[in-house]
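The values are calculated or read from the model by the stated rules, or taken from the named source; none is laboratory data. This one's a predicted model, so the numbers in the text were calculated from it and none came from an experiment. A quick note on method: Cβ atoms are made from the backbone with ideal geometry, for glycine too, and the neighbour counts reach across all protein chains shown. Areas reflect the complete protein model, heavy atoms only, side chains present, ligands, DNA and RNA absent. Shrake-Rupley method; radii C 1.70, N 1.55, O 1.52, S 1.80 Å.
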Amino acid sequence: MTTTTPNPALDRVPKGVWILGFVSMLMDVSSEMIHALLPIYLVTVLGASTLTVGFIEGIAEATASITKIFSGALSDWLGRRKLLAALGYGLAAFTKPLFPLAPSAAWLVAARFIDRVGKGIRGAPRDALIADLAPPGLRGASFGLRQSLDTIGAFVGPLAAIGLMWWTADNFAAVFWVAVVPAFLSFGLITFAVNEPAPDARGEPAKNPLNLAAMRQLGAIYWRVVAVGVVFTLARFSEAFLILRAQSIGINAMWVPAVLVLMNIVYALSAYPAGVLSDRINRAGLLALGLVFLAAADLALALLPSVAGLVLGVALWGLHMGLTQGLFAALVADTAPPSLRGTAFGYFNLFTGLAMLAASIIAGALWDAYGPASTFLVGLGFALVSLAGLLAIRDGITTPAASKGQG
């Protein structure tokens with residue numbers, strides 16, 4: 001008799017990657033409990049426009065992305081990742097009480113801004129730390145696992161928000177207070193349970209990671225990956241518009257977070273298998289498939305203004321996320337020198353974050369001027385343009401070493 005391991009890649013993923021996945025999961029439970037309700041709270045309770053929601057979401061994500069370039073470069077200069085990652089999770093945890101305490105929309109905007117600064121501080125060092133911990137042949141699986149655990153938190157959070165909104169008779173502040181607890185658990189876990197590899201595992205720390213010489217050292221293949229990521233992001237605006245689409249077809253406020261639950265269940269179930277598959281085949285092909293699903297999601301959300309159309313569109317959106325987000329992280333790790341990984345993740349997130357700002361503002365303006373369908377139809381157009389561009393250069397965004405590792 002012979003026995004087989006059900007998932008040998010999963011068994012070989014380092015312990016530190018697992019712990020970082022649970023750190024992400026707990027923080028996402030906290031953040032998504034708030035994020036699932038915040039757009040509706042701003043529009044229905046505080047009277048903000050959809051354009052304002054798009055602007056706030058775009059600014060929030062752009063803030064996180066701009067911060068990542070500095071934290072990523074600093075982690076390369078120090079030769080240490082965990083300190084900055086823990087600092088970012090700590091700032092996000094200590095910011096969470098501002099949401100239930102905020103007396104006005106301006107305070108909520110400030111709280112969202114500071115929370116995203118925390119995300120920006122932790123993001124690039126954490127991703128670089130995962131790249132340091134994961135063997136080259138398991139990078140796709142490691143980033144996919146982290147993304148899946150993170151996304152489990154992203155659907156547990158909205159589920160908790162639904163239950164708490166029902167239990168508290170739509171008491172937003174009470175839900176926001178409960179969200180404080182998993183944020184501090186996440187901070188405690190990364191502080192006490194994550195061990196960073198010795199600095200010599202990455203070579204000498206970079207002396208000045210943000211100068212032109214370091215940018216050139218990142219290489220042409222890396223910058224192609226960045227360019228593809230930017231165009232991708234222009235085709236994918238904030239998930240806040242999925243929540244607003246649910247409201248626009250008449251779904252009760254208590255059930256609106258179910259949109260994020262569905263999206264993130266599909267996202268969580270697809271991210272790890274996509275990562276494992278990407279270790280065996282060219283990652284660009286999976287990215288192209290992800291764009292096809294995004295285009296189909298936009299089409300459904302634009303032309304099927306019903307519960308069935310919403311379910312289809314949101315599920316396809318989640319599938320597109322699962323097929324693309326962890327893969328981009330693996331591509332950055334594949335193409336960047338080890339001593340500049342933090343900087344590489346920082347630049348990638350900076351430029352894609354600015355693209356997210358532009359995409360969300362455009363989406364909000366189209367929604368206010370022409371209605372929900374126009375927002376998703378323009379997203380469809382960007383997705384198709386992105387797909388054409390990706391197919392034209394897909395062989396130029398994979399390193400020779402990565403290609404060998406993928407078989």
Inter-label distance for A173 and A388, nm, one decimal - labels placed 7 Å from Cα along Cα-to-Cβ: 5.3 nm
Charge sum, other residues only, whose C-beta stays under 13 Å from G379's C-beta, Lys/Arg counted +1 and Asp/Glu -1: 0
Helix-only CD estimate at 222 nm, as mean residue ellipticity for the chain, using -39500 (n - 2.57) per DSSP H run (n ≥ 4): -26000 deg cm²/dmol
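Out of the total accessible area of the range 291-379 (probe 1.4 Å, heavy atoms of protein only), what percent is carbon and sulfur?
79 percent
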Candidate residues Y41, Y272: accessible-area rank, largest first, probe 1.4 Å: Y41, Y272
Stokes-Einstein D (µm²/s) once Rh is taken as the Kirkwood radius of the range 116-204 over alpha-carbon pairs, at 4 °C in 1.567 mPa s: 83 µm²/s
Probe 1.4 Å, protein heavy atoms only - accessible area per residue of the range 19-168 in square angstrom: 31 Å²
Tally of Lys pairs whose C-alpha atoms are under 15 Å apart, taken over the chain, 8 or more apart or cross-chain: 5
